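Here is the structure we will look at.
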Amino acid sequence: MSDQTNPPDHDVPANDALAKGPAPKTSQQLGIPDPDRSSSMTPGLASSPISQRAGNVAAAEPYRLLNAFLTSSTYAARRNEPGICDLTFGNPHEMPQEAYVAALQEATIPRHDQWFAYKQNTPEAQEAAAASLQRLIGVPFRPEDIHLTTGGFTAIALALKAVGDPGDEVIYSLPPWFFYEPIIIEAGLVPVKVTVDLETFDLDVDQIAAAITSRTCAVIVNTPNNPSGRIYPPAVLERLAAVLESGSAAIGRRIYLISDEPYNRIVFDGARFHSPIEFYRYTLLAYSYGKTHLSPGERIGYLALHPNLPDYDVVASALDALQLAMGWIYPNAVLQHALPRLEQFSIDIPALQRKRDRMVDALQEMGYRVNRPEGTFYLFVRSPDPDDEAFVATLAAQGVFVMPGVHFETPGFFRISLTANEDMLQRSLPVFAAAMEAVGGAPPF
């Protein structure tokens, strides 16, 4: 942990370059006008029509990379082209489950005149979510602990705004989900980055401890992890809880843990998932149904509080206020009506595990270095070419699209999504083999 006696401008870890990560480009470097600079055309008026906050979000490197990938890359130009192998995002490439369609269809049939009225946290949805979460991780959640949101994305933003003030710091580990930094910046907070062990993909709890300063308000943990597929074991989560307890005591303020868990039902080999909330009651648990049902376009999730969270009423009231103030971030009425049925099933996890095994076995036989993920949709593969963007471009030239490691702030890797259909995955294998051979590997076919 940092020396808390330093003045605020220097109150950072000794390994600050590691904890903070590369300095983001400024909005001016990216051609985004600085709203603090006066316009030469109209004296007294700001030169930019946007806020500094918006400019900072637009300048964030993860946002810029993702936006370019979606709008101006080879993938953007060819994503709807017949015959490509789209292994990029966790999108469906097969028709949805009949049970999912039936649940939504049933929820559209009105039972009374208020069926499509404004909906906040509907009791039936809260009850179903709380009961399911209690069965999964053993914490005695109550309906009132569930704050429904438009997906896990919004649940994370809600948590950040509930516990952080402008200028506070949020620690998270690389490789991350690629949108943590923009969400943190939009909330007026400061991203602080540490790395995981790139062999095991476990959290480096010592790095997290070293990154804590008097400005730390939260740590984000994602388990099962996107992109690595690692489920953090109880011993690691217990150590993390101890670090956050001692860190909170040292800095004189509570450090919250935001547990990003959209994949907590997508685990393989009969693994027992453990949530950080089991070990640290100052945890805000973010969940999304879009992963469990492979329906990311239907935005529903929640932020759950530990029922024994100290100052529970204060935190819960703050979440209630923010759910309105952030733009009525409750899920729409149909999705809330459907939620009790959505809790009764998931996508076909055994089929997803078979995809994992087929791809991992084949890639390892070709010479690729890839860990067998314990959960999620993804494989995080070491690129045989240190320039992961160049290697991804080689694959793209042959119609196989994956995401380069730079999107996860971890160059030298690429990510494969197993939500591609069986045909895409099978057709991708000769392309992976040829690409490995081109950089000096010896594929078996």
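FYI, it's all coordinate maths here, none of it is from the lab. Keep in mind the model is a prediction, meaning the values are calculated, not measured. As a convention, Cβ positions derive from the backbone with ideal geometry for all residues, glycine included, and neighbour counts pool all protein chains shown.
Near Ala103: Cβ cut-off under 12 Å, other residues only, Lys/Arg at +1 and Asp/Glu at -1. The net charge is -3. Annotation: amide H of Asn222 within the under-5 Å range of Asp260, sequence separation 5 or more or interchain, hydrogens built in the peptide plane. Listed by Cβ neighbour count within 10 Å, with the fewest neighbours leading, Cys217, Cys85 appear as Cys217, Cys85.
Remark: His93, His293 ranked as His93, His293, counting other beta-carbon atoms within 10 Å and listing the fewest first.
Each residue of segment 347-359 is assigned a 3J(HN,Hα), and the resulting list reads 5, 6, 5, x, 5, 5, 5, 5, 4, 4, 5, 4, 6 Hz, derived from the Karplus form 6.51 cos²θ - 1.76 cosθ + 1.60 (θ = phi - 60°), x at Gly and Pro. Any chance you could list P(r) for segment 111-342, counting all Cα-Cα pairs in 10 angstrom bins from zero, rounded to whole %? Pair shares across the bins are 8, 35, 38, 16, 3, 0. Specify which residue in the list Leu198, Ala187, Pro82 is farthest towards the positive end of the charge dipole of the chain, using unit charges on the beta carbon of Lys, Arg (+1) and Asp, Glu (-1), about the Cα centre. The one lying farthest along the dipole's positive direction is Pro82.
Computed from backbone phi with θ = phi - 60° and the Karplus coefficients 6.51, -1.76 and 1.60, the 3J(HN,Hα) list for segment 415-431 is 10, 10, 9, 7, 7, 4, 6, 4, 5, 4, 4, 5, 5, 6, 4, x, 5 Hz; x is used for glycine and proline. On the beta carbon distance between Thr71 and Leu324, with R0 = 41 Å, the FRET formula returns roughly 0.80.
Distances between placed amide hydrogens fall under 5 Å for Thr195 paired with Leu174, all partners being 5 or more residues away or on another chain. Name the residues whose placed amide hydrogens come within less than 5 Å of the amide hydrogen of Glu298, ignoring near sequence neighbours (fewer than 5 apart) on the same chain. Correct list: empty.
For the chain, the direction-averaged projected area of the alpha-carbon convex hull comes to 24.0 nm².
In sequence order, segment 68-78 has phi-based couplings of 5, 4, 7, 10, 9, 8, 4, 4, 4, 6, 10 Hz under the Karplus curve 6.51 cos²θ - 1.76 cosθ + 1.60, θ = phi - 60°, and Gly or Pro positions carry x. Relative to the Cα centre, the charge distribution of the chain, modelled as +1 at Lys and Arg Cβ and -1 at Asp and Glu Cβ, gives a dipole magnitude of about 480 debye.
Averaging the Cα positions of each part gives two centres, and for segment 123-186 and segment 290-315 these lie 5 Å apart.
For segment 332-445, the Stokes-Einstein estimate of translational diffusion at 4 °C and a viscosity of 1.567 mPa s comes to 85 µm²/s, using the Kirkwood hydrodynamic radius over alpha-carbon pairs. Between Tyr263, Cys217, Leu309, the Cα set farthest toward the positive side of the dipole of segment 111-342 (charges on each charged residue's Cβ, about the Cα centre) is that of Tyr263. By the beta-carbon count within 10 Å of each Cβ, the least crowded to most crowded order of Met95, Met359, fewest first, is Met95, Met359.
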